[in-house]
Structure formats: structure tokens, C-alpha cells
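Heads up, the thing below is written out as C-alpha cells.
The values are calculated or read from the model by the stated rules, or taken from the named source; none is laboratory data. Source: prediction; values computed, not measured. Reconstructed Cβ throughout: ideal geometry from the backbone, glycine too, with neighbour counts over all protein chains shown. Keep in mind that these areas ignore ligands, DNA and RNA; they rest on the heavy atoms of the full protein, side chains included. Shrake-Rupley method; radii C 1.70, N 1.55, O 1.52, S 1.80 Å.
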Amino acid sequence: MCSDVTATRHDDTAIALTNVSKTFYRYERPLDRLLLQFKALSARARFDTISGLKPMDLTIRRGEVVGLVGRNGAGKSTLLQLVCNTLSPSTGTVTVNGKIAALLELGSGFNPEFTGRENVFMSAAIAGLSRRQVQEKFDEIHAFSGIGDFIDQPVKTYSSGMYVRLAFAVATSVEPDILVVDEALSVGDGAFARKSFDRIMALRDSGATILFCSHSLYQVENLCDRALWVEGGEILADDSPSIVIPRYEQFLLGETEHGHGVRESAAEEQRRATPQGSARLLSTQVLIDGKTPDARYPAVSGESTLEIEIRFASDPALPCPGVAVTVSTPAGQIVTSTGSWEEGVTISRSDTGEGRLSVRFPALALLKGEYHVGAYLFCERGLHSYEWVDPISGFHVTQASVARGVVRLPHQWQPLSPEGEADV
């Protein structure tokens, strides 16, 4: 194998890639694959190459939570498979220090002919657990997966959601030093997704290294302390999520506006959201100075008050959900957002779990133009989303001045004397 897996403990490096690249071959005929294996016959092989990953160096320290973002086909999954040793690099070495557990594409890791129970024992044994250790953990794994009596049915009869629930339960129960998650949780239902993120947070708090690949930029920004933007097989940005995510969002917005067809606008993508988990929106209302916005009642920049009222239902046995709102442009670019959990808002609920609250934006700072409002329900920590609707309503802003832009920021003009001192 070209990758080097070690158990070195003398430094804080969890994963190290040195000059690693991956090239894939595309053959015209099945025979060409065979011809390429023999030096004397390789000139007769007909094929072309695809660069899945360009040469790169990457170091991830122990305890880091690293999010990977990028478009489909950018090279994220290839990078994760190299780390997990399910692909061999074409050049360079991959060094992994510690026990690794991975949730990659569906269909990998389990034998479809085996029952769920048999696959649990097989996968845990591969991860290094003894049979006795697996037996001790089995009830916990089975309960966490929530698949009930299907544990004794062949995995080939499972739905995608059942498969990933069992795979996640096994992967996280072996107490890995490194956990790799590649969009697998997107097929789970909302209630299970909440449990999954709670377990990921527990692993993070215990010091595990986590590589988290997701198209949910909000989750990356909330869960991770480092983000990698992968595009065209190379890392374009490696920094804190607060720096990388806005750059990536701006890139996607530019691609959408230029009609490249690589991604729908954020608004179009979010309109199709369906309720998940144990909380849902019941009603939302947007008001401008107490009236429903329309052509007769536009908002006035710097004067009007924007108010959003939200009513929701939730499972009273779970912590009260968090509520967030966004104000966006018609292209889906978020101008501002706020979440109740970030500002320490206590939401009152009825015995049945219903709640109602509003958020107000007085002296609206938006400049002239069209805007729309989105409403979101998250878990109490703002990590897992239950449901969102975006847009719920649009409104128009007018202004008396000729100022340009999106918002009017607080500012002060101060004349300066020619000598450089401020005039009082």
C-alpha cells in the first residue's frame, strides 16, 4: 500500500498528507486495463486520466474538528477515502495516528447478505474490538440505531436510513481517535440526526479528531473549528469557518448569477425543505410597522420597524428548540441573521410543546431594494435543523437619500484640520 498508517504518539499530529495526489484512469476497453499492467504492452493501452486530487500537503492535529466544503466532484470524498485507506494515493504518503472510524458512501463496510447483527460483530472486529467487547456494546449499538427487529434481517433489505443508522452506531461506539463523516447523515430522519450530532459533539468534547464533509454550511460553521474548501482537486482555502464559509458562499453566488448551472440559489434550495425531527413551524408572519408588507406599505430605510412572529410545535420531552430568522436578497445572499440561542433568549412553551415569539428590527438599516425573510427551527444549540421556510415573505424598502449598498452602517463624520488634528 502507498499509504503509511502508524501509531506514533510522540506529537499531536493525527493525520498527515505529504505530496499526496490521486489520478484515476478511464479505459476505452476492458482489455486496456490488463495491457497497462505489462510494460511491453502498455503502449497499446487506450485510456485517459482524470486528476481526482492534485499534489497536496495537509496536517490535522489531534482534537481538531475539520469541515470540508466544496461542490460535487471537487475531490472531498477522494481526500477522505485516502485518509481512511480505502484508496491508495498515486503519489505521496498518508500517515494516520490512531484508530479511525469512517462513514463514507452508503453501501461500503457492510456485507449485504449478512444480518445487521452479523455486520455489527464483523465491523467492530475490523475496528479492533474483541468479541467480548462487541457483546458488551451490542445492546447500546442496537438501541442507538433504532432499527428494532430488523437487526436480525439481511442488510440488503434495509432502507438507506436504516443502513446509515446502524453504520453510525457501530462507527461511533468503537470509541475512535478519528471519526470521518462524508454526508452520510443526510439520509437519516430528523430525530436520528439530532442524536447523531449529540454523539459527534460528545466525541469532539472527549478530544477525538473529526473530519466532517457536508453541504450544510451552517452545520460546518457551528460544529467545526477549521474548514477546508476543496475545488478542482486542490485546497483553495484552509482557515477558520468564519473566514472560509463566506468566501465559498460568495463563490457559489457568483457561479449562480453567471448561469453556470452548478447550483440553485440558496432561496430555491431552501423552499423545498420538509419538516424533520421533533419540532415544526406552525405559522409565521412578517410585519412592517404593524402591517402586512405590500406595495402600499413599503419599509422606509432608517425609520420602519420589521417584525417577524413565529409559532411552533415541539416535543415537550425535548429541550426547547431555537428559533432563527434571516433577511436575504432575492438571489439568496443572507444580509443578516439572528438566533435565539445565540442571544440567550428564553422561550416559553405550553405543556404540549407549543411556543410563540417575535423578533423586531427597529429603525431598519437596510437600504432600498427587495428583500425576503426566512424562518428556521433548530435544536437548542443551533446545530441540527428541524425545519425551515425561506422565503416566508418579501418586502420592499424605500429611502430618501441616494446612499448605495445593502445596509446603512452606524458611522460618524469628523472634520480634520490640515495639521492632522481633529477639529472639536
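Quick one: is Val174 at pLDDT below 90 and either open to solvent by 10 Å² or more (accessible area, probe 1.4 Å) or over 18 Å from the mean Cα position of the chain (by Cα) (or both)? Give the steps one after another, and end with the answer.
Values: at pLDDT below 90: yes; either open to solvent by 10 Å² or more (accessible area, probe 1.4 Å) or over 18 Å from the mean Cα position of the chain (by Cα) (or both): yes.
In short, yes.
Consider Thr336 against the criteria (1) open to solvent by less than 50 Å² (accessible area, probe 1.4 Å); (2) part of a strand (DSSP E or B): it satisfies all of them except one. Which criterion is unmet?
The failed condition is (1).
Rundown of residues vs (1) out of contact with any His (no Cβ under 7 Å at 6 or more places or on another chain); (2) among the small types (Gly, Ala, Ser), yes/no style:
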position: Glu343; (1), (2): yes, no
position: Gly353; (1), (2): yes, yes
position: Ser358; (1), (2): yes, yes
position: Phe361; (1), (2): yes, no
position: His372; (1), (2): yes, no
position: Phe378; (1), (2): no, no
position: Gly382; (1), (2): yes, yes
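So the check is Cβ under 8 Å with 6+ separation or different chains; which pairs have a first residue in the range 371-384 that's of a type in the set (A, V, I, L, M) and a second one that's outside any strand (DSSP E or B)?
Within 8 Å, the pairs are Leu377/Pro321; Leu383/Phe197; Leu383/Met201; Leu383/Gln219; Leu383/Asn222; Leu383/Leu223.
Would you be able to tell me the number of residues in the range 349-360 that are surrounded by 15 or more Cβ atoms within 10 Å (Cβ to Cβ), part of a strand (DSSP E or B) and small (Gly, Ala, Ser)? Talk me through it step by step, then tell me what you get.
Quick first cut of the range 349-360, residues surrounded by 15 or more Cβ atoms within 10 Å (Cβ to Cβ) only: 349, 353, 355-357, 359.
If we keep only those that are part of a strand (DSSP E or B) too, we end up with 349, 355-357, 359.
When the remaining residues are screened for being small (Gly, Ala, Ser), the result is 355.
Count: 1.
Determine whether the range 361-379 contains at least one residue that is of a type outside the set (S, T, N, Q), at pLDDT below 90, open to solvent by 30 Å² or more (accessible area, probe 1.4 Å) and part of a loop (DSSP other than H, G, I, E, B).
No, there is no match, as no residue in the range 361-379 is of a type outside the set (S, T, N, Q), at pLDDT below 90, open to solvent by 30 Å² or more (accessible area, probe 1.4 Å) and part of a loop (DSSP other than H, G, I, E, B).
Identify all residues within the range 29-50 that are part of a strand (DSSP E or B) and open to solvent by 70 Å² or more (accessible area, probe 1.4 Å); write none if there are none.
Phe47, Thr49, Ile50
Can you spot a residue in the range 99-106 that is at pLDDT below 85 and of a type in the set (Asp, Glu)?
yes
Please identify the pairs in which a residue from the range 339-350 that is closer than 11 Å to Glu380 by Cα has its Cβ atom under 9 Å from the Cβ atom of a residue that is open to solvent by 50 Å² or more (accessible area, probe 1.4 Å), counting only partners at least 6 apart or on another chain.
Partner pairs satisfying both residue conditions: Gly339/Val345; Ser340/Thr346; Trp341/Glu380; Trp341/Arg381; Ile347/Arg356.
With the requirement that a residue be in a loop (DSSP other than H, G, I, E, B), open to solvent by less than 40 Å² (accessible area, probe 1.4 Å) and farther than 12 Å from His396 by Cβ, what does the range 289-311 give you?
Answer for the range 289-311, where residues must be in a loop (DSSP other than H, G, I, E, B), open to solvent by less than 40 Å² (accessible area, probe 1.4 Å) and farther than 12 Å from His396 by Cβ: just Thr305.
Report whether or not Ser88 is more than 20 Å from Ile210 (Cα to Cα), at pLDDT 90 or above and out of contact with any His (no Cβ under 6 Å at 6 or more places or on another chain). Steps first, answer last, please.
Numbers: more than 20 Å from Ile210 (Cα to Cα): yes; at pLDDT 90 or above: yes; out of contact with any His (no Cβ under 6 Å at 6 or more places or on another chain): yes.
It is true that Ser88 is more than 20 Å from Ile210 (Cα to Cα), at pLDDT 90 or above and out of contact with any His (no Cβ under 6 Å at 6 or more places or on another chain).
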